[in-house]
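Enquirer: I'd like to ask you about the structure that follows.
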Amino acid sequence: MDTADGSLDDGRKIIEENDMFVSKKRSMHDSSFRYPVRMGEEYNVIILDMSSNGDSGVTKIRGLITFVRGTKPDDRVRIKITKIGKGYARGQLIAYLDLK
């Protein structure tokens with residue numbers, strides 16, 4: 001049964017129907033989330049795919065989708081991060097890398 005202070009007899013508090021479960025996992029849309037890249041940092045990457053409009057190559061840096069204009073799949077390139085958006089980043093092509 002409920003007690004006068006809103007707790008159950010076993011000490012648990014009653015959760016109102018409109019209260020929602022809040023996950024402890026951080027998402028990219030949470031203000032405490034830290035992106036795996038920073039503006040101005042440089043990375044050596046392999047382009048994995050093309051964007052849907054075909055003007056940029058796509059790679060992942062620590063799981064973050066990154067678009068690089070002027071590249072194509074299988075290119076090994078050095079890029080500089082120029083923009084960080086919600087769930088993605090954009091990189092500028094600096095140089096093509098040797099296939100060694």
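Enquirer: For the peptides 36-44, 86-94, what is the packing order when you average, over each peptide's residues, the other Cβ atoms within 10 Å and list the highest mean first?
Expert: Descending packing order for the listed peptides: 86-94, 36-44.
Enquirer: Compute the signed sum of charges (Lys and Arg +1, Asp and Glu -1) over the other residues within less than 10 Å, Cβ to Cβ, of I46.
Expert: 0
Enquirer: Let me ask something else about it. Tabulate in residue order the Karplus-calculated ³J(HN,Hα) for the stretch 63-77, using 6.51 cos²θ - 1.76 cosθ + 1.60 with θ = phi - 60°, rounded to whole Hz; enter x for Gly and Pro.
Expert: My calculation for the stretch 63-77 gives x, 8, 4, 10, 9, 10, 5, x, 10, 9, x, 6, 5, 9, 9 Hz in order.
Enquirer: Under 14 Å from the Cβ of S56, count the other residues' Cβ atoms, weight Lys and Arg +1, Asp and Glu -1, and hand me the total.
Expert: Residues close to S56 contribute a combined charge of +2.
Where a number appears in this text, it was derived from the coordinates with a stated rule and is not lab data. The model shown is predicted, which means the values in this text are computed figures rather than measured ones. Cβ sites come from the backbone with ideal geometry, for glycine too, and all protein chains shown count toward neighbours.
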